[in-house]
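Chemist: Before I ask anything, here is the structure I am working with.
The values are calculated or read from the model by the stated rules, or taken from the named source; none is laboratory data. Remember, it's a predicted structure, so these values are computed and weren't measured experimentally. Heads up, the Cβs are rebuilt from the backbone with ideal geometry, glycines too, and the neighbour counts pull from every protein chain shown.
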Amino acid sequence: MTPEQLFVYTDEVCIHAQLAISNYLTFGNIVHEEKNRQTREAWMYLQSFLSHFGMVSKLLYAPSSRQEVSKNRAIELREYLETNETSALNDRDARNAIEHLDERMDNWLSVEGKGFLESVFQNKAAYEYLDSDRWIVRRVFLVDEEIFITQEQDGPKEMSLAPIEQELYRIIEVCRDKLDNHKSYYIVQPEQG
């Protein structure tokens, strides 16, 4: 990649990482208030967090089925941004929770006789109290453990979001450092005060 291309990709990773963190912090504020935690607003912020995280993940970890240019971009960008294959940013389960939501909904809605569970629980014990055979887990969040749960074909899938959050903070710092040491290329931006 040219320096200009690296700059633009780095800037895009930084934007989506910052948006993901902003949404996750707002989500956290909502679910830590017991009176607000069951609102639709909570899920909007969590879905937005996962969407922006998914974009960061796609830029850094192109699926193997993608074109060669995407694979090469991902490899070079990971190296440039000091990120490896074991990073939480490569969490395919969390990324797929958003990217394949339409397919999951098709599967959920084809099952008869089960209700849909969409709830925030303080901890895993409160969640496990329910009879799991009665529900399709649309969205569940466990506050104490920072775990998001959603239904996959083979059952509910648990995803720890804290490592993703921590890695997003780290990648933001790396991006800012790289961007501060680059001059802007063909980008018109307002002055920052």
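Chemist: Of the residues Asp93, Asp144, Asp106, only one is acidic (Asp, Glu), modelled with pLDDT of 95 or more and surrounded by fewer than 14 Cβ atoms within 10 Å (Cβ to Cβ); which? Give the derivation first.
Modeler: Numbers: Asp93 fails: modelled with pLDDT of 95 or more; Asp106 fails: modelled with pLDDT of 95 or more.
So the residue among Asp93, Asp144, Asp106 that is acidic (Asp, Glu), modelled with pLDDT of 95 or more and surrounded by fewer than 14 Cβ atoms within 10 Å (Cβ to Cβ) is Asp144.
Chemist: Right, another one. Yes or no: segment 126-136 includes at least one residue that is under 24 Å from Ser57 (Cα atoms), crowded, with 16+ Cβ neighbours inside 10 Å and either over 14 Å from the mean Cα position of the chain (by Cα) or at pLDDT 95 or above (or both).
Modeler: There is no residue in segment 126-136 that is under 24 Å from Ser57 (Cα atoms), crowded, with 16+ Cβ neighbours inside 10 Å and either over 14 Å from the mean Cα position of the chain (by Cα) or at pLDDT 95 or above (or both).
Chemist: Going residue by residue through segment 103-118, is there one that turns out to be part of a helix (DSSP H, G or I), touching a Ser or Thr at 6+ places or on another chain (Cβ under 9 Å) and within 22 Å of Glu41 (Cα to Cα)?
Modeler: yes
Chemist: Further question: Could you check segment 21-50 and list, in sequence order, the residues that are among the polar types (S, T, N, Q), in a helix (DSSP H, G or I) and surrounded by fewer than 18 Cβ atoms within 10 Å (Cβ to Cβ)? Before you say what the answer is, go through the steps one by one.
Modeler: Our first condition is that a residue be among the polar types (S, T, N, Q); within segment 21-50, this holds for 22-23, 26, 29, 36, 38-39, 47-48.
Within this subset, residues satisfying the condition of being in a helix (DSSP H, G or I) are 22-23, 26, 29, 47-48.
Within segment 21-50, Ser22, Thr26, Asn29, Gln47 meet the criteria.
Chemist: When the residues of segment 1-10 are filtered to those that are part of a helix (DSSP H, G or I) and either modelled with pLDDT of 95 or more or of a type outside the set (Asp, Glu) (or both), which remaining residue is surrounded by the most Cβ atoms within 10 Å (Cβ to Cβ)?
Modeler: Restricting to residues being part of a helix (DSSP H, G or I) and either modelled with pLDDT of 95 or more or of a type outside the set (Asp, Glu) (or both), the top hit is Thr10.
Chemist: Restricting the search to segment 42-81, which residues are at pLDDT 90 or above and over 25 Å from Phe7 (Cα atoms)?
Modeler: Ala42, Trp43, Met44, Tyr45, Leu46, Gln47
Chemist: Same structure again: Please work out which one of (1) touching a helix residue (DSSP H, G or I) at 6+ places or on another chain (Cβ under 8 Å); (2) at pLDDT below 95; (3) not in a loop (DSSP other than H, G, I, E, B) is the condition Asn84 fails and give its number.
Modeler: (3)
Chemist: Give the residues of segment 128-172 that are part of a loop (DSSP other than H, G, I, E, B) and farther than 28 Å from Cys14 by Cβ, sorted by residue number.
Modeler: Residues satisfying the conditions are Tyr129, Leu130, Asp131, Val143, Asp144, Glu145, Gln153, Asp154.
Chemist: Restricting the search to segment 147-170, which residues are under 19 Å from Asn23 (Cα atoms) and either surrounded by fewer than 18 Cβ atoms within 10 Å (Cβ to Cβ) or in contact with a Cys (Cβ under 9 Å, 6 or more places away or on another chain) (or both)?
Modeler: Once the filter is applied, which keeps residues that are under 19 Å from Asn23 (Cα atoms) and either surrounded by fewer than 18 Cβ atoms within 10 Å (Cβ to Cβ) or in contact with a Cys (Cβ under 9 Å, 6 or more places away or on another chain) (or both), segment 147-170 yields Ser160, Ala162, Pro163, Gln166, Tyr169, Arg170.
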